[in-house]
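Scroll down for the structure; my scribbles are underneath it.
The values are calculated or read from the model by the stated rules, or taken from the named source; none is laboratory data. If you're wondering where the values come from, they're calculated on a predicted model, not measured in any experiment. As a convention, Cβ positions derive from the backbone with ideal geometry for all residues, glycine included, and neighbour counts pool all protein chains shown. Surface accessibility is based on the protein's heavy atoms, side chains included, excluding ligands, DNA and RNA. Shrake-Rupley method; radii C 1.70, N 1.55, O 1.52, S 1.80 Å.
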Amino acid sequence: MWMRLEDASVSGALLAGALTAVPGVLLWAWRETGGARPSLLRLLLAGTALGALAGLATPITSAALMLLKNGSHAHVVPDYPFGVMLQVLLLAPLYAAAGGLVGFGLCALAGASRKS
C-alpha cells in the first residue's frame, strides 16, 4: 500500500521498514525457541538482543524499500535520492540502541508480571 503512494517522506519509509522488520525478527525468534519460557535473566538478555536486532533491521529494510519504490516508480528524479537512503542507513546504530532498550524494557515488564 505504501509503495503505490506518491509520498517521499522518510517517516513513511521508516514506518514501513519497522512494520516489516520487527515482526520478522519476532517470528524468527519464536521459531528458534519453540515458544519456550526462559529464565528472567535469559528473557532480559534475549529481549535486549532481539530489540537491538529489530532496531538494526529497521533502517536496512527501510532503505531496501526505498530502493524498491524508486525502481517501481521510475521517475526521472527518484523519490528517495542516494543521500537520503544513506542517511537512513546511518541511523542503524541509533535504532539498534533504541531497539535494545525497548526490548529490555518490555521484557522487564513481562518478567515483573510473571508468577514465580
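Would you say R37 is open to solvent by 40 Å² or more (accessible area, probe 1.4 Å), of a type in the set (D, E, K, R) and modelled with pLDDT of 90 or more? Answer is no for this residue. Do we have G103 as farther than 16 Å from V10 by Cβ, in a helix (DSSP H, G or I) and open to solvent by less than 70 Å² (accessible area, probe 1.4 Å) here? So G103 passes the test.
Of the numbered criteria (1) among the aromatic types (F, W, Y); (2) part of a helix (DSSP H, G or I); (3) in contact (Cβ under 8 Å) with a residue 60 or more places away in the chain, the one Y80 fails is (2). Residues that are open to solvent by 30 Å² or more (accessible area, probe 1.4 Å) and small (G, A, S) were ranked within segment 57-80; the one that is farthest from W28 (Cα to Cα) is A74.
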